[in-house]
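Scroll down for the structure; my scribbles are underneath it.
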Amino acid sequence: MAQYFEVHPDNPQQRLLKQAAALLSSGGIVAVPTDSSYALACHLDDKAAADRLRQIRGVDDKHHLTLLCRDLAELASYARVDNRAFRLLKSGTPGPYTFILEATREVPRRVSHPQRKTIGLRVPDHRALQELLALHGAPLLATTLIPPGETLPMNDAAAIRARFERVLAAVVDAGACPLEPTTVLDLTPMGQGGEPVLVRQGRGDPAALGVSL
């Protein structure tokens, strides 16, 4: 049964976040709040946890999972970023954007895209999640919490607990999140002089990053 940690969105209780971080470190799947919707998260280096994450979400290995990073410096350790892409990333972090980039060797091959060797990365603008990432001490592997067969993400922690309590280790409740996923931008064409590709329009405005539709 999932543990339930109710935290303040702007001043989250450290003792509760430490318990959630311990569950992540021991291989648990945790529902976490973000600046878009809630997400499912697990330890990056735990293969069994990553497999369960995909199973709960109902996606295969061709679905881009995302690394939740604390800041741009951490993001750059897990993706190959040239100067042009870095400037775009700087303008969109922290924020409700997911960027698809070429993964470095720091990313286990089993969690990157099997053909493209790419990974989704983002820096969330959410205090409770940022503090959880700091306590965990590394990026978390995550995916938007969209139930299998549905199109809208979940943003109510109590509803998440009721629906997934048998498969989650915990739910971190920091109040309702926006009912929108992130905007997803594929930046890999920039490495060959191309332009970013809009993969999914979500909460983030591509125009704010200078990306035209």
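The values are calculated or read from the model by the stated rules, or taken from the named source; none is laboratory data. What you see is a predicted model; the values in this text were computed from it and never measured. A quick note on method: Cβ atoms are made from the backbone with ideal geometry, for glycine too, and the neighbour counts reach across all protein chains shown.
Of all residues in region 57-74, none satisfies being modelled with pLDDT under 95, out of contact with any Gly (no Cβ under 8 Å at 6 or more places or on another chain), buried (at least 19 other Cβ atoms within 10 Å of the Cβ) and closer than 15 Å to S112 by Cβ.
Scanning region 163-203 for residues that are closer than 16 Å to L152 by Cα and touching a Lys or Arg at 6+ places or on another chain (Cβ under 8 Å) yields P178, E180, P181, T182, T183, V184. Within region 185-209, the set of residues being in a helix (DSSP H, G or I) and of a type outside the set (A, V, I, L, M) comprises T188, P189, G191, Q192, P206.
Would you mind stating whether R15 is out of contact with any His (no Cβ under 9 Å at 6 or more places or on another chain), modelled with pLDDT of 95 or more and of a type in the set (K, R)? Taking the combined requirement at face value, the residue satisfies it.
I'm trying to understand the selection: among the residues of region 73-125, which are within 12 Å of L185 (Cβ to Cβ), of a type outside the set (V, I, T) and part of a strand (DSSP E or B)? Scanning region 73-125 gives Y97, F99, L101, G120, L121, R122.
Close contacts from region 1-24, counting a first residue that is among the hydroxyl-bearing types (S, T, Y) and a second that is at pLDDT 95 or above, with Cβ to Cβ under 6 Å and a gap of 6+ residues or different chains, come to Y4/R161; Y4/V171.
Selection of region 28-68 for residues being within 13 Å of P181 (Cβ to Cβ) and out of contact with any strand residue (DSSP E or B) (no Cβ under 9 Å at 6 or more places or on another chain) yields only D35. Of the residues making up region 162-187, those that are in contact with a strand residue (DSSP E or B) (Cβ under 9 Å, 6 or more places away or on another chain) and under 22 Å from A50 (Cβ atoms) are F164, E165, L168, A169, A170, V171, V172, P181, T182, V184, D186.
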